[in-house]
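> Once you've had a glance at the structure underneath, I'll fire off some questions.
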Amino acid sequence: MAILRPSVVSPTRPTVKTEAVYARGMESIVLFGPPGAGKGTQAQRIMDSTGLPQVSTGDMLRAAVSAGTPTGIEAKKYMDAGQLVPDQVIIDLIKDRIKEPDAKKGVMFDGFPRTVPQAEALADITTVSHVISIEVPDERIVDRICGRYTCAVCGAVYHDSFKPTSKDGTCDSCGGNEFKRRADDNAETVMSRLEAYHNQTSPLADWYDSKGIFHVINGDRAINLITNDILDALK
Ligand code: ADP
Ligand code: ADP
Ligand code: ZN
(Lines give C-alpha, C1' and ligand atoms only; values in the text may rest on other atoms or scores of the structure.)
(Ligands and ions follow the chains in the order given, each with its own letter.)
Protein backbone atom coordinates (compact mmCIF):
# COMPACT_ATOMS: atom_id res chain seq x y z
CA MET A 1 0.00 0.00 0.00
CA ALA A 2 1.52 3.32 -1.06
CA ILE A 3 0.66 5.65 1.77
CA LEU A 4 3.48 8.16 1.78
CA ARG A 5 3.35 11.29 -0.29
CA PRO A 6 6.19 11.91 -2.73
CA SER A 7 9.12 13.71 -1.18
CA VAL A 8 8.62 17.46 -1.25
CA VAL A 9 11.22 19.99 -0.13
CA SER A 10 9.50 22.90 1.58
CA PRO A 11 10.36 26.21 -0.14
CA THR A 12 10.67 27.89 3.26
CA ARG A 13 13.44 25.54 4.34
CA PRO A 14 16.97 25.43 3.00
CA THR A 15 17.67 22.54 0.66
CA VAL A 16 21.15 22.01 2.07
CA LYS A 17 21.14 20.85 5.66
CA THR A 18 24.01 21.35 8.04
CA GLU A 19 22.65 18.70 10.39
CA ALA A 20 24.74 15.55 9.97
CA VAL A 21 21.70 13.45 10.83
CA TYR A 22 19.50 14.77 8.04
CA ALA A 23 18.77 12.16 5.42
CA ARG A 24 17.35 13.09 2.02
CA GLY A 25 14.09 11.43 1.07
CA MET A 26 13.28 10.59 4.65
CA GLU A 27 9.62 11.12 5.61
CA SER A 28 8.27 10.47 9.05
CA ILE A 29 4.91 10.25 10.77
CA VAL A 30 4.08 11.72 14.17
CA LEU A 31 1.51 10.06 16.45
CA PHE A 32 0.20 12.86 18.62
CA GLY A 33 -2.19 12.95 21.58
CA PRO A 34 -2.53 12.93 25.36
CA PRO A 35 -1.08 10.19 27.58
CA GLY A 36 -3.19 7.06 27.20
CA ALA A 37 -4.74 8.19 23.89
CA GLY A 38 -3.68 4.94 22.24
CA LYS A 39 -0.56 6.08 20.37
CA GLY A 40 1.46 2.98 21.26
CA THR A 41 -1.47 0.65 20.59
CA GLN A 42 -2.01 2.13 17.14
CA ALA A 43 1.72 2.31 16.32
CA GLN A 44 1.97 -1.46 16.79
CA ARG A 45 -1.05 -2.02 14.53
CA ILE A 46 0.10 0.20 11.65
CA MET A 47 3.81 -0.59 11.68
CA ASP A 48 3.51 -3.21 8.93
CA SER A 49 1.39 -0.97 6.67
CA THR A 50 3.66 2.03 7.02
CA GLY A 51 6.93 0.08 6.91
CA LEU A 52 8.27 2.57 9.44
CA PRO A 53 9.68 1.61 12.84
CA GLN A 54 7.97 2.93 15.98
CA VAL A 55 10.16 5.39 17.87
CA SER A 56 8.76 6.05 21.34
CA THR A 57 10.73 8.55 23.44
CA GLY A 58 8.92 7.17 26.51
CA ASP A 59 10.20 3.64 25.76
CA MET A 60 13.70 4.97 25.08
CA LEU A 61 13.70 6.87 28.37
CA ARG A 62 12.43 3.85 30.31
CA ALA A 63 15.23 1.75 28.77
CA ALA A 64 17.75 4.41 29.85
CA VAL A 65 16.29 4.43 33.38
CA SER A 66 16.55 0.61 33.60
CA ALA A 67 20.11 0.67 32.31
CA GLY A 68 21.04 3.38 34.81
CA THR A 69 22.67 5.60 32.17
CA PRO A 70 23.32 9.31 32.95
CA THR A 71 20.35 10.18 30.68
CA GLY A 72 18.16 7.71 32.57
CA ILE A 73 19.21 9.06 35.96
CA GLU A 74 18.41 12.62 34.89
CA ALA A 75 15.13 11.69 33.18
CA LYS A 76 13.76 9.60 36.04
CA LYS A 77 13.00 12.50 38.37
CA TYR A 78 10.89 14.20 35.72
CA MET A 79 9.11 11.00 34.69
CA ASP A 80 8.25 10.10 38.28
CA ALA A 81 6.74 13.56 38.74
CA GLY A 82 4.78 13.37 35.47
CA GLN A 83 6.72 16.28 34.02
CA LEU A 84 8.38 16.57 30.64
CA VAL A 85 12.05 15.67 30.42
CA PRO A 86 14.16 18.67 29.27
CA ASP A 87 14.11 19.26 25.51
CA GLN A 88 17.85 18.86 24.94
CA VAL A 89 17.88 15.37 26.51
CA ILE A 90 15.07 14.30 24.18
CA ILE A 91 16.53 15.93 21.08
CA ASP A 92 19.91 14.21 21.67
CA LEU A 93 18.15 10.84 22.03
CA ILE A 94 16.27 11.35 18.77
CA LYS A 95 19.34 12.51 16.87
CA ASP A 96 21.11 9.29 17.83
CA ARG A 97 18.10 7.08 17.10
CA ILE A 98 17.55 8.54 13.65
CA LYS A 99 21.06 7.48 12.60
CA GLU A 100 20.16 3.78 12.97
CA PRO A 101 19.87 1.87 9.67
CA ASP A 102 16.18 1.03 10.19
CA ALA A 103 15.34 4.76 10.29
CA LYS A 104 16.69 5.45 6.81
CA LYS A 105 13.28 5.89 5.16
CA GLY A 106 11.72 7.65 8.14
CA VAL A 107 10.13 6.62 11.40
CA MET A 108 6.83 6.70 13.23
CA PHE A 109 7.28 8.94 16.25
CA ASP A 110 5.16 8.05 19.27
CA GLY A 111 5.13 10.72 22.01
CA PHE A 112 7.58 13.03 20.24
CA PRO A 113 7.64 15.99 19.69
CA ARG A 114 5.96 17.29 22.85
CA THR A 115 7.10 20.93 22.82
CA VAL A 116 7.63 23.61 20.18
CA PRO A 117 11.47 23.46 20.53
CA GLN A 118 11.30 19.68 19.98
CA ALA A 119 9.15 20.19 16.86
CA GLU A 120 11.60 22.78 15.55
CA ALA A 121 14.52 20.43 16.13
CA LEU A 122 12.60 17.64 14.38
CA ALA A 123 12.09 19.83 11.30
CA ASP A 124 15.89 19.87 10.92
CA ILE A 125 16.15 16.10 11.27
CA THR A 126 13.42 14.70 9.03
CA THR A 127 10.43 15.78 6.95
CA VAL A 128 7.14 15.07 8.69
CA SER A 129 4.48 13.97 6.19
CA HIS A 130 1.57 13.38 8.60
CA VAL A 131 0.72 14.25 12.17
CA ILE A 132 -1.98 11.87 13.40
CA SER A 133 -3.72 13.39 16.41
CA ILE A 134 -5.58 10.76 18.44
CA GLU A 135 -8.07 12.72 20.51
CA VAL A 136 -9.57 11.39 23.76
CA PRO A 137 -11.37 13.49 26.40
CA ASP A 138 -9.54 14.02 29.71
CA GLU A 139 -12.21 12.19 31.70
CA ARG A 140 -11.39 8.93 29.86
CA ILE A 141 -7.65 9.17 30.40
CA VAL A 142 -7.35 8.16 34.06
CA ASP A 143 -9.15 4.85 33.48
CA ARG A 144 -7.07 4.16 30.41
CA ILE A 145 -3.77 4.81 32.16
CA CYS A 146 -4.57 3.07 35.45
CA GLY A 147 -5.61 -0.17 33.70
CA ARG A 148 -2.66 -0.31 31.29
CA TYR A 149 -0.20 -3.22 31.27
CA THR A 150 2.23 -4.48 28.64
CA CYS A 151 3.83 -7.76 27.68
CA ALA A 152 7.31 -7.88 29.22
CA VAL A 153 8.57 -9.88 26.23
CA CYS A 154 7.23 -8.09 23.12
CA GLY A 155 5.75 -4.85 24.49
CA ALA A 156 2.18 -5.49 23.28
CA VAL A 157 -0.19 -3.10 25.08
CA TYR A 158 -3.20 -4.35 27.08
CA HIS A 159 -5.85 -2.99 29.43
CA ASP A 160 -7.52 -4.66 32.42
CA SER A 161 -11.04 -3.90 31.13
CA PHE A 162 -10.80 -2.45 27.61
CA LYS A 163 -8.22 -4.77 26.03
CA PRO A 164 -7.42 -7.81 28.16
CA THR A 165 -5.38 -10.69 26.74
CA SER A 166 -7.67 -13.25 25.05
CA LYS A 167 -6.31 -16.02 27.26
CA ASP A 168 -5.66 -15.10 30.88
CA GLY A 169 -1.97 -14.47 31.54
CA THR A 170 -0.80 -15.15 27.97
CA CYS A 171 0.24 -12.49 25.46
CA ASP A 172 -1.85 -12.65 22.26
CA SER A 173 1.13 -11.57 20.15
CA CYS A 174 4.03 -13.66 21.42
CA GLY A 175 2.61 -16.15 23.92
CA GLY A 176 4.70 -14.61 26.73
CA ASN A 177 3.50 -14.96 30.30
CA GLU A 178 5.13 -11.97 31.93
CA PHE A 179 3.54 -8.54 32.05
CA LYS A 180 4.52 -5.22 33.54
CA ARG A 181 2.97 -1.95 34.65
CA ARG A 182 4.62 1.45 34.54
CA ALA A 183 5.56 3.18 37.79
CA ASP A 184 4.09 6.46 36.51
CA ASP A 185 0.74 4.92 35.53
CA ASN A 186 -1.07 6.04 38.68
CA ALA A 187 -3.96 8.47 39.21
CA GLU A 188 -1.78 11.14 40.79
CA THR A 189 0.94 11.30 38.11
CA VAL A 190 -1.67 11.18 35.34
CA MET A 191 -2.95 14.59 36.43
CA SER A 192 0.51 16.17 36.04
CA ARG A 193 0.99 14.43 32.69
CA LEU A 194 -2.35 15.76 31.45
CA GLU A 195 -1.43 19.24 32.63
CA ALA A 196 1.91 19.03 30.81
CA TYR A 197 0.04 17.87 27.71
CA HIS A 198 -2.41 20.79 27.75
CA ASN A 199 0.19 23.45 28.61
CA GLN A 200 3.25 22.36 26.66
CA THR A 201 2.21 19.85 23.98
CA SER A 202 -1.24 20.81 22.70
CA PRO A 203 0.03 24.18 21.29
CA LEU A 204 1.83 22.05 18.68
CA ALA A 205 -1.55 21.22 17.13
CA ASP A 206 -1.87 24.72 15.63
CA TRP A 207 1.77 24.65 14.57
CA TYR A 208 1.25 21.46 12.55
CA ASP A 209 -2.25 22.41 11.41
CA SER A 210 -0.85 25.54 9.78
CA LYS A 211 1.45 23.28 7.77
CA GLY A 212 -1.55 21.29 6.46
CA ILE A 213 -0.35 17.94 7.77
CA PHE A 214 -2.50 17.61 10.90
CA HIS A 215 -5.14 14.83 10.90
CA VAL A 216 -7.65 14.63 13.75
CA ILE A 217 -8.80 11.11 14.69
CA ASN A 218 -11.52 10.41 17.27
CA GLY A 219 -9.69 8.12 19.73
CA ASP A 220 -12.72 7.49 21.94
CA ARG A 221 -13.92 4.48 19.95
CA ALA A 222 -13.09 0.84 19.31
CA ILE A 223 -9.40 0.24 18.60
CA ASN A 224 -9.93 -1.22 15.10
CA LEU A 225 -12.10 1.71 13.94
CA ILE A 226 -9.32 4.09 14.95
CA THR A 227 -6.76 2.00 13.07
CA ASN A 228 -8.91 2.16 9.91
CA ASP A 229 -9.19 5.95 10.12
CA ILE A 230 -5.45 6.34 10.64
CA LEU A 231 -4.69 4.19 7.60
CA ASP A 232 -7.17 6.29 5.58
CA ALA A 233 -5.48 9.50 6.71
CA LEU A 234 -2.12 8.10 5.64
CA LYS A 235 -3.27 7.23 2.11
P1 ADP B 1 -0.39 6.00 24.70
O2 ADP B 1 0.73 5.31 23.95
O3 ADP B 1 -1.03 7.10 23.90
O4 ADP B 1 0.01 6.44 26.08
P5 ADP B 1 -1.58 3.31 24.88
O6 ADP B 1 -1.60 2.80 23.49
O7 ADP B 1 -0.52 2.77 25.78
O8 ADP B 1 -1.55 4.92 24.89
O9 ADP B 1 -3.03 3.05 25.51
C10 ADP B 1 -3.32 3.37 26.86
C11 ADP B 1 -4.24 2.31 27.45
O12 ADP B 1 -5.53 2.40 26.85
C13 ADP B 1 -3.77 0.87 27.22
O14 ADP B 1 -4.08 0.11 28.36
C15 ADP B 1 -4.57 0.42 25.99
O16 ADP B 1 -4.81 -1.01 26.00
C17 ADP B 1 -5.86 1.19 26.16
N18 ADP B 1 -6.47 1.60 24.89
C19 ADP B 1 -5.84 1.98 23.75
N20 ADP B 1 -6.74 2.32 22.79
C21 ADP B 1 -7.96 2.16 23.35
C22 ADP B 1 -9.31 2.37 22.86
N23 ADP B 1 -9.56 2.82 21.64
N24 ADP B 1 -10.33 2.12 23.72
C25 ADP B 1 -10.08 1.67 24.99
N26 ADP B 1 -8.85 1.47 25.50
C27 ADP B 1 -7.79 1.71 24.69
P1 ADP C 1 2.41 8.61 27.81
O2 ADP C 1 2.20 9.08 26.41
O3 ADP C 1 1.65 7.39 28.17
O4 ADP C 1 2.29 9.73 28.81
P5 ADP C 1 5.30 8.18 27.41
O6 ADP C 1 5.79 6.80 27.55
O7 ADP C 1 5.24 8.79 26.06
O8 ADP C 1 3.88 8.18 28.11
O9 ADP C 1 6.13 9.16 28.34
C10 ADP C 1 6.41 8.86 29.69
C11 ADP C 1 7.18 10.01 30.31
O12 ADP C 1 8.44 10.15 29.64
C13 ADP C 1 6.51 11.39 30.18
O14 ADP C 1 5.62 11.64 31.26
C15 ADP C 1 7.74 12.30 30.23
O16 ADP C 1 8.24 12.45 31.56
C17 ADP C 1 8.78 11.52 29.45
N18 ADP C 1 8.76 11.82 28.00
C19 ADP C 1 8.46 10.96 26.98
N20 ADP C 1 8.57 11.55 25.79
C21 ADP C 1 8.93 12.84 26.05
C22 ADP C 1 9.19 13.97 25.22
N23 ADP C 1 9.09 13.91 23.88
N24 ADP C 1 9.52 15.13 25.84
C25 ADP C 1 9.64 15.22 27.17
N26 ADP C 1 9.42 14.19 28.01
C27 ADP C 1 9.07 13.01 27.45
ZN1 ZN D 1 4.10 -10.44 24.01
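The values are calculated or read from the model by the stated rules, or taken from the named source; none is laboratory data. This structure is a prediction, so every number in the text was calculated from the model and none was measured. When we count neighbours, we look across all protein chains shown, and the Cβ atoms used for this are built from the backbone with ideal geometry, even at glycine.
> For R114, indicate whether it is of a type outside the set (D, E), within 10 Å of ligand 1 (Cβ to nearest atom), assigned by TED's automatic domain parsing to the domain that holds R62 and not in a strand (DSSP E or B).
Numbers: of a type outside the set (D, E): yes; within 10 Å of ligand 1 (Cβ to nearest atom): no; assigned by TED's automatic domain parsing to the domain that holds R62: yes; not in a strand (DSSP E or B): yes.
No: the conditions fail for R114.
> Exactly one condition in (1) among the polar types (S, T, N, Q); (2) surrounded by fewer than 16 Cβ atoms within 10 Å (Cβ to Cβ); (3) within 20 Å of F32 (Cβ to Cβ) is false for S133; which is it?
It fails just one condition, (2).
> Checking A205 against (1) touching a residue at least 24 places away in the same chain (Cβ under 8 Å); (2) away from ligand 2 (no atom under 14 Å from the Cβ); (3) surrounded by fewer than 12 Cβ atoms within 10 Å (Cβ to Cβ), only one condition comes out false. Which one?
Every condition holds for A205 apart from (3).
> Same structure, new question: When you look at D48, is it among the acidic types (D, E) and over 19 Å from L231 (Cα atoms), yes or no?
Numbers: among the acidic types (D, E): yes; over 19 Å from L231 (Cα atoms): no.
Answer is no for this residue.
> For V157, are the conditions met, namely being more than 9 Å from ligand 1 (Cβ to nearest atom), at pLDDT 95 or above and closer than 15 Å to G40 by Cα? Walk me through it before giving the result.
Working: more than 9 Å from ligand 1 (Cβ to nearest atom): no; at pLDDT 95 or above: yes; closer than 15 Å to G40 by Cα: yes.
Considered against the rule, which asks whether it is more than 9 Å from ligand 1 (Cβ to nearest atom), at pLDDT 95 or above and closer than 15 Å to G40 by Cα, V157 comes out as no.
> Another question, then. Could we say that E195 is modelled with pLDDT under 95, out of contact with any His (no Cβ under 9 Å at 6 or more places or on another chain) and either basic (K, R) or not in a loop (DSSP other than H, G, I, E, B) (or both) here? Outline the logic, then answer.
Working: modelled with pLDDT under 95: no; out of contact with any His (no Cβ under 9 Å at 6 or more places or on another chain): yes; either basic (K, R) or not in a loop (DSSP other than H, G, I, E, B) (or both): yes.
Judged against the criteria, E195 is not a match.
> Hey, N177 hits all of (1) in contact with a strand residue (DSSP E or B) (Cβ under 8 Å, 6 or more places away or on another chain); (2) buried (at least 18 other Cβ atoms within 10 Å of the Cβ); (3) among the polar types (S, T, N, Q) but one; which does it fall short on?
Among (1) in contact with a strand residue (DSSP E or B) (Cβ under 8 Å, 6 or more places away or on another chain); (2) buried (at least 18 other Cβ atoms within 10 Å of the Cβ); (3) among the polar types (S, T, N, Q), the lone unmet condition for N177 is (2).
Yes/no per residue for (1) surrounded by 20 or more Cβ atoms within 10 Å (Cβ to Cβ); (2) modelled with pLDDT of 95 or more; (3) not assigned by TED's automatic domain parsing to the domain that holds P164:
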| residue | (1), (2), (3) |
| --- | --- |
| V55 | yes, yes, yes |
| G58 | no, yes, yes |
| P70 | no, yes, yes |
| I73 | no, yes, yes |
| Y78 | no, yes, yes |
| P86 | no, yes, yes |
| D124 | no, no, yes |
| V142 | no, yes, yes |
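> From I94, I132, I98, grab the single residue that is within 13 Å of ligand 2 (Cβ to nearest atom) and hydrophobic (A, V, I, L, M, F, W, C). Before you say what the answer is, go through the steps one by one.
Numbers: I132 fails: within 13 Å of ligand 2 (Cβ to nearest atom); I98 fails: within 13 Å of ligand 2 (Cβ to nearest atom).
Going through I94, I132, I98 in turn, the sole match is I94.
> Then there's this: Restricting to the range 153-176, count the residues that are under 19 Å from the mean Cα position of the chain (by Cα), near ligand 3 (Cβ under 8 Å from one of its atoms) and on the phi < 0 side of the Ramachandran plot.
Going residue by residue through the range 153-176, those that are under 19 Å from the mean Cα position of the chain (by Cα) are 154-159.
This time we only want the ones that are near ligand 3 (Cβ under 8 Å from one of its atoms), so: 154-156.
When the remaining residues are screened for being on the phi < 0 side of the Ramachandran plot, the result is 154, 156.
Of the residues in that region, 2 qualify.
> Hey, among the residues in the range 180-202 that are of a type in the set (A, V, I, L, M, F, W, C) and within 13 Å of ligand 2 (Cβ to nearest atom), which one's surrounded by the fewest Cβ atoms within 10 Å (Cβ to Cβ)?
Of all residues in the range 180-202, those of a type in the set (A, V, I, L, M, F, W, C) come to 183, 187, 190-191, 194, 196.
Then drop every residue that is not within 13 Å of ligand 2 (Cβ to nearest atom), which leaves 183, 190-191, 194, 196.
Details: A183: 12, V190: 22, M191: 14, L194: 18, A196: 20.
The residue in question is A183.
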